[in-house]
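Down below is the structure, laid out as structure tokens.
The values are calculated or read from the model by the stated rules, or taken from the named source; none is laboratory data. Being a predicted model, the structure only gives us computed values, none of them experimental. Here the Cβ is made from the backbone with ideal geometry for all residues, glycine too, and neighbour counts use every protein chain on show.
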Amino acid sequence: MTSTHAELAKRHRAVLPEWLALYYDEPIDVERGEGRYVWDAEGNRYLDFFGGILTTMTAHALPEVTAAVREQAGKVLHTSTLYLNRPMVELAERVAELSGIDDPRVFFTTSGTEANDAALLLATTYRGSNQVLALRNSYHGRSFSALAVTGNRGWSPTSLSPVQTSYVHGSRRRGTPLADLSDEDFTEACVADLEDVLGQLHGTVACLIAEPVQGVGGFTLPPDGLFARFKEVLDRSGILWISDEVQTGWGRTGEHFWGWQAHDACGAPDVVTFAKGIGNGLSIGGVIARAEVMNCLGANSISTFGGSPITAAGALANLDHLVAHDLQGNAARVGAVLRGQLDAAVGRVPAVAEVRGKGLMLGVELVRPDGSPAPELATAVLEATKSAGLLVGKGGLDGNVLRIAPPLSLTEEEARDGARILLSALEEVGTR
């Protein structure tokens, strides 16, 4: 008898693109969720340590979000930006208040990809240049321009580009000539690399776009303060700094509300992009920029779906819940518990090369006995944890990094339960 999942997977493959990735040898249909748990269509329960790629920020089926969406749906679902939109204005005010940017303006999109696309448009227009700096191992989305600044080969299907991108060192260490440097020496080497790259470019450079913690890149992160040093170099030439906070924003790292704030010695970025967690599953993203940059566009522009009444209402309820319940603080406290549990695998499980990250954004890098990346082990761990009732993600330049990012309301008991399952899977797979 064909299972519910097998039948749906067959239909999926018959009508959707081959390049649309699915987790697991036997993919699952996640049918419902509550809190930090989800249930599939065959009734199996899982503790969710990936949150739909860091998107379920507070909790599945958060009552406040459900109520806000239900109330707004009973009024009007859609109007577009050609009309005043109270939920959008109220959400923009809240985001601006929390942004840390002087005289901010907020533009809403429907995804992080579209947010980064808009940020690149602003920067290249403001600076009158199509030259862009990005980090190696980066990922900024699926659109033509976002792929043009993506430095991770596994997610970049074309070399064609609307911008001229130069890649600099800044986050990834393992597997590079900078791997064994101290934080101080790594920072100095990256600054020197940035200055060297700028010295090879001709004329005006528009911007540097960078993730404070590289998401798809396997939760690699620079030493605190590195982007402050970068900003000193950028400011000498008026080059804008775009901080891609699609995965790091809203307190996920625990220590700060925004990832860039670990690097704020020289002030805020010129532009911040966001998405994922603010909507808690609703399709919303956006750009925050100081007014001078945001208002530089001279052509007409609208957004049909960006900041729609229903998504803005749900996102505002979600953001208010996050702040009122100090989920940033919870990410710091419970993240430390989870990190402490996972650190036990280093040295005990031969395949675990490194545990890294901040708050509830943790990566576990897996390698073979010769030290080379082991994507096959990451895949095996995903299968093992699924069988035991835990969902995790994977990423990294070679697909060999486990990505752990539960909703920020994760309890200490749930952290320990999930860590137990993950450690058991690592010991089973990583000692073969």
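Things to note:
- Verdict on residue 403 being farther than 24 Å from residue 63 by Cα and not in a helix (DSSP H, G or I): yes
- Residue match in region 406-422 (condition: within 22 Å of residue 174 (Cα to Cα), outside the structural domain of residue 214 (by TED's automatic domain parsing) and in contact (Cβ under 8 Å) with a residue 24 or more places away in the chain): no
- Number of residues in region 302-349 that are of a type in the set (S, T, N, Q) and either out of contact with any strand residue (DSSP E or B) (no Cβ under 8 Å at 6 or more places or on another chain) or assigned by TED's automatic domain parsing to the domain that holds residue 414 (or both) equals 5.
- Some residue of region 212-221 being touching a Gly at 6+ places or on another chain (Cβ under 6 Å), closer than 20 Å to residue 393 by Cα and without any contact (Cβ under 8 Å) to a residue 60 or more places away in the chain: yes
- In region 283-297, residue surrounded by the fewest Cβ atoms within 10 Å (Cβ to Cβ) [restricted to those that are within 17 Å of residue 117 (Cα to Cα) and among the small types (Gly, Ala, Ser)]: 283
- The condition of being hydrophobic (A, V, I, L, M, F, W, C), on the phi > 0 side of the Ramachandran plot and not assigned by TED's automatic domain parsing to the domain that holds residue 51 holds for only one of 144, 219, that being 219.
- Note on region 14-55: residues that are of a type in the set (A, V, I, L, M) and touching a residue at least 24 places away in the same chain (Cβ under 8 Å) amount to 6.
- Single residue of region 303-343 satisfying the filter (surrounded by fewer than 18 Cβ atoms within 10 Å (Cβ to Cβ) and charged (D, E, K, R)) that is farthest from the chain's Cα centre (by Cα): 343
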